[in-house]
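The block underneath contains the structure these notes are about, expressed in structure tokens.
Bear in mind these aren't lab numbers, they're just calculated from the coordinates by the rules spelled out. Only a predicted model underlies this, so the values are computations on that prediction, with no experimental measurement involved. Reconstructed Cβ throughout: ideal geometry from the backbone, glycine too, with neighbour counts over all protein chains shown.
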Amino acid sequence: MLKTPATSEVASEKKSVSKKKFVFRLNANDKYFSMFFLGPSLLLLGLFVFYPLFKTLYISMFLTDTFGNTTVFTGLQNYVNLISSADFMNSLFVTLIYVLAVTVLTITMGLLLANLASKKLPGIGIFRTLYSMTMGVSVAVAAIFWLFMFNPSTGFFALVSNALKLTPINWLTDPKNAMLAVIITTVWMNLGFTFLILLGSIESVPRSLYEAAEVEGASSSRQFFKITLPMISPTLFFVSTITIIDAFKSFGLIDLITKGGPTNATNMLVYRIYKDAFYSGNYAKSSTEAIILTVIIAFFTLIQFKFLEKKVNY
Amino acid sequence: MPTILKNVSKEYAQGKKVLDNVSAEIKTGEFFVIVGPSGCGKSTLLRMIAGLTEISDGTIKIEDRVVNDLPPKDRNLTMVFQSYALFPFLSVWDNVAFGLKARQNDAAKIKERVDNALKMVNLEEFSDRKPRELSGGQRQRVALARAVASDAKICLMDEPLSNLDAQLRIKMHQEIYALQRKLGLTLIYVTHDQVEAMTMADHIMVLNDSKIQQVGTPTEIYNHPANEFVASFFGVPPINLMNAKKVSENIALVNKDFEVELAQTIEEENFRIGIRPNQLQVNKADELHANATIKAVEFLGDEKIVHTEMNHGGVISVIVASEAVFDPFESIEITCDDSSKALLFDLDGNNITETQGVAYNA
Amino acid sequence: MQNIDEKAVLKRLMTYVVLIALALVILAPFFIGIWTSFLPTMSIAKGDLFNTNLSLDNYIAALTKTPILRYLANSLVISTITMIAQLIFCSMSAYAFVFLKFKYRKLFFALFLVTMMLPFEAQIIPNFQTIKSLGLLDNYAALIVPFLTSAFGTFMLRQSFKQTPKELKEAADIEGLNHFQFYSRIVLPYNKISLITLGAYSFLGAWNQYLWPMLTTFSNNSRIIQNGLKQLQSEETFNDWGMIQASAAIIVIPTIIVLFIGQHYFKSGMNEGAVK
């Protein structure tokens, strides 16, 4: 039925030549283009991410002088020292408390606001704008606003308790309250962004699901737990990991509000890294702490990637 | 100068051929349709002609030049995509001008060509709109205008009408056909729709399973299909294909249910026979003479299609006049009074009808 | 029937009450901050917040007696340059990952992914030394150079570029566009929304830097607004709450306005780029 073409030697030779040439054309071009397109980013990341990573890892296995020069190789001794230091374990502990509280509060509050603001009511746009407003507030501004709220003599909370004849709370001098103050400020700062993302996600849940539930007479709380929550769970997961990672990296608010105090109650990881290196000049210790922070962040980022991998194909 | 495909093959993974040894000649100025079911490799073939996909084997010659190693832009052709490939951020006018600008024509020439092309597809008033402000049919026309504006003489189209509704499709058939004739384009058109192929093509290439099944004019392909696949791919409802057994020199027993007198002598003891639905007759019959039962009757306006189940298994469709009255579950007798157009196939599916005698492998 | 109506109205009313109450709680620090910025420091110190003796004195003082405008300008310049640089370099590397075929592409992409797992905060010591040895301390460049590109931006744009229909690339190939032309004329305009999102993101990122500028800048010539505010709050104007609040307001009001305008883009972009 079909003509079976005779593959002569000449033909097969010709085709192999042309095949090679074609491959050459494609790759030769792309090679130089890719150097141009990828080169700058690769170079920058190499210099400011990969080199520092290895340098930090390297320093963490030495003792250092006050100029940051490595002196004696100690292997993992720095790590052992850290883990057996009550001071460091305290830092790790307060960081964990902080991360946990910030994440739980940010997500629940964000969810509450987003669910409320997703209702189709007249004027709801105003509330959406108001709730997302903290997104425009930078670290220093947030710190200043809240420092005034917490101020023991002239602060807003102090005034309110005075007016109500209550004993004023020592926000920034009591260890437990200082932690609470930092948590409140962080959550407040996170809220705008979290709210916006969750709202977007809730709005993308198909209306028909709610209509179907409505027809079957499901209450609005039931609708929230049985429809909204499961439908937005990928976003919820995404926002949670971002919040966790950001909380582990907190520095600005702590420096501005408590400076790690009182009595180390808010002396969290990054603040420690900074203090140990740039105040005490203990670069080896600081690098060791930095590697521990890296491991923690990498762990949570990896979880996020694993999850995203299921959702998106990259 | 024609476009010649010679022993063209495409292999992605080792041993997994998407196209196997495809050879054909596409004459200058003709409407050439490549048709086949999805996954048969037709789009890959078109992309290889365009230069968007590498050729694993064989040669492609356009106007006497082997183009295997040429990048798409040097092949002097245009392409209309299934999704139209319009740039959403450019106006209609700029979309049409895009290729001309990329090839650095001078402004006056671009303007003349674009205006002309838009006029030809009746989109002059829409030149400032963005693609998203247009209907599907209008977008399709912008894509056409882009091909028209180009000075390339070869135009490739990849299922350009599959995103349109049926009515619009018929209208666009006519417009594309008229444009092709008017501009004298060599048009290579890929579709999975046999009706499109039949109505527009000068020549059709039928692809299936990575291989060419047949190349020929619509008439050749319909009347003298190379094999069972081609026979069943063209025609609505599809041709009835049944097992047949030689009874005497020119009489065959079809599906053990009825006998047909053939216009040729038969050599094979067992073979296959293909009879189009309009070449069969149905008559009501009593239990004794009936050889089939009606399953369903479709009313199409000026005719009816009767779907029947043969007594010895197998489903057959027959076209009858729309006045004929048939109902499901009726017992009937199917006959073939004039078998001159019946097609015979060997058990491998190859056409063995003697009347073929036409070069379907052109 | 009327009963149901009443119930519905009541429910709606309750919703509004909750909405307003929450808005008040959330925005309290904000409003109190803005309100006190108009009050004389004396009244604030006395706890007399319900004073109506409002004036712009604090603003005038902040603008004339402190280098806040200089800080603001520093922040603006640094954030803008960082944003532009990231848009260019991230889109270029994302383009390479989506549209170019080259050796070790997967490996390089894996490197970018790994980069996203590494916190900058953990790398301040070597980076400080690098910037110091380059002689860039207390210079705009110290705050810009390490952030010229970002793995996150590359990743986000790559996700977006991958959605560019394959046919657009093929159409461009047929017209003979090279990679520079395809990148600038088609990929960039096609992915406008993602670029705007990344732009906003990188601008805000640079604007909100705190630790790194604190380490690398120490004069008003290069100090950015975040650290500048701390400077004001901790130094000379120790108890001048009115002026501090006014400084905060000067910074926050423009960002809020920008945010309102850009909210639509930002929301859709975030959801698209991040969560899909």
Check your understanding: In the Gaussian network model of chain A, springs joining C-alpha atoms below 10 Å, which of A:LEU53, A:LEU45, A:LEU256 carries the largest mean-square fluctuation?
Key -> A:LEU45
Exercise for review: Of the DSSP beta bridges with both residues in the protein assembly as shown, give the percent that are antiparallel, rounding to the nearest 5.
Suggested key: 75 percent
Practice item. Sequence neighbours fewer than 8 away in the same chain don't count; with that in mind, list the aspartates and glutamates whose C-alpha is under 17 Å from B:LYS111. Key: B:ASP94, B:GLU124, B:GLU125, B:ASP128, B:ASP151
Check your understanding: Given +1 on the Cβ of Lys and Arg, -1 on the Cβ of Asp and Glu, and no further charges, what dipole in debye does the range B:3-231 carry about its Cα centre, rounded to the nearest 20?
Key -> 480 debye
Revision key, fill the gap. Honestly chain A on the Cα gyration tensor test (a ≥ b ≥ c root eigenvalues; a/c under 1.5 rounded, otherwise a/b vs b/c for prolate or oblate) is just oblate
Revision key, fill the gap. So, relative contact order of the range B:179-248 in percent, Cα under 8 Å, 6 or more apart, is 19 percent
Exercise for review: Post the alpha-carbon centroid distance, the range A:99-124 to the range C:64-127, in whole angstrom.
Suggested key: 31 Å
Check your understanding: Spin-label point model (7 Å from Cα, Cβ direction): what's the B:THR199 to B:LYS16 distance in nm?
Key -> 3.6 nm
Point to revise | Distance histogram for the range C:2-58 (every C-alpha pair counted, 5 angstrom bins, percent rounded to whole numbers) | key: 4, 17, 16, 13, 11, 10, 8, 7, 6, 5, 3, 0
Study note, to complete from the structure: Taking A:SER220, C:SER222 and counting other beta carbon atoms within 10 angstrom, the fewest-first order is A:SER220, C:SER222
Check your understanding: In the range A:218-296, what trypsin sites (Lys or Arg not before Pro) fall in a loop by DSSP, with at most 16 other Cβ atoms inside 10 Å?
Key -> A:LYS259
Review point. Which value at 222 nm does chain A reach when only helices count, each DSSP H run of 4 or more adding -39,500 (n - 2.57), with the total divided by all residues and rounded to the nearest 500 deg cm²/dmol?
Key: -23000 deg cm²/dmol
Study note, to complete from the structure: Across B:ARG65, B:ARG75, B:ARG272, the residue with the highest GNM fluctuation in chain B (Cα network, 10 Å cutoff) is B:ARG65
Check your understanding: Nearest-5 percent of antiparallel DSSP beta bridges in the range B:3-231?
Key -> 50 percent
Exercise for review: For the range B:1-145, list log₁₀ I(q)/I(0) at each q in 0.09, 0.14, 0.15 Å⁻¹, using the Debye formula over Cα point scatterers of equal strength and ignoring solvent, two decimals each.
Suggested key: -0.36, -0.80, -0.89
**Study point:** Assigned charges on the beta-carbon of Lys, Arg, Asp, Glu; the range C:124-268 dipole about Cα centre (debye)
**Key:** 360 debye
Practice item. Would you work out which of A:MET189, C:PHE161, C:VAL187 lies farthest towards the positive end of the dipole of the protein assembly as shown, given +1 charges on the beta-carbon of Lys and Arg and -1 on that of Asp and Glu, about the Cα centre? Key: A:MET189
Practice item. Give me the number: length gained by fully extending A:THR129 to A:PHE54, i.e. 0.36 nm times residue separation minus the C-alpha to C-alpha distance, one decimal in nm. Key: 22.6 nm
Exercise for review: Have a look at B:PHE87, B:ALA13, B:GLY349 and report the one farthest towards the positive end of the charge dipole of chain B, computed about the Cα centre with Cβ charges (Lys/Arg +1, Asp/Glu -1).
Suggested key: B:PHE87
**Study point:** Equivalent ellipsoid, the protein assembly as shown (semi-axes from 5 times Cα gyration tensor eigenvalues, Å)
**Key:** 72, 35, 27
Point to revise | Fewest-first ranking of A:ILE273, B:ILE239, using other Cβ atoms within 10 Å as the exposure measure | key: B:ILE239, A:ILE273
Check your understanding: Are there any helices in chain B, counted as whole DSSP H runs, that stretch 24 Å or more along their axis by Cα and score at least 0.5 on average by Kyte-Doolittle, and if so which?
Key -> none
Practice item. Any of B:LYS182/C:LYS169; C:LYS46/C:LYS230; A:LYS55/C:LYS103; B:LYS73/C:LYS103; A:LYS165/C:LYS11; A:LYS249/C:LYS101 with alpha carbons more than 32 Å apart? Name them for me. Key: A:LYS165/C:LYS11; A:LYS249/C:LYS101
Exercise for review: Pull out a ≥ b ≥ c, the square roots of the eigenvalues of the alpha-carbon gyration tensor of the range C:41-159, then state rounded if a/c is under 1.5, prolate if not and a/b is larger than b/c, and oblate in the remaining case.
Suggested key: prolate
Study note, to complete from the structure: Rounded to whole angstrom, the alpha-carbon centroid of the range B:243-322 lies from that of the range A:224-302 at a distance of 79 Å
Check your understanding: Tell me, what is the percent relative contact order of the range C:1-123, built from C-alpha pairs under 8 Å that lie six or more residues apart?
Key -> 12 percent
Revision key, fill the gap. Scoring chain C by relative contact order with C-alpha pairs under 8 Å, at least six apart, yields a percentage of 33 percent
Practice item. Just tell me the longest site-free run in chain B, where the sites are chymotrypsin sites (Phe, Trp or Tyr not before Pro) in a DSSP loop having at most 14 other beta-carbon atoms within 10 Å. Key: B:13-328
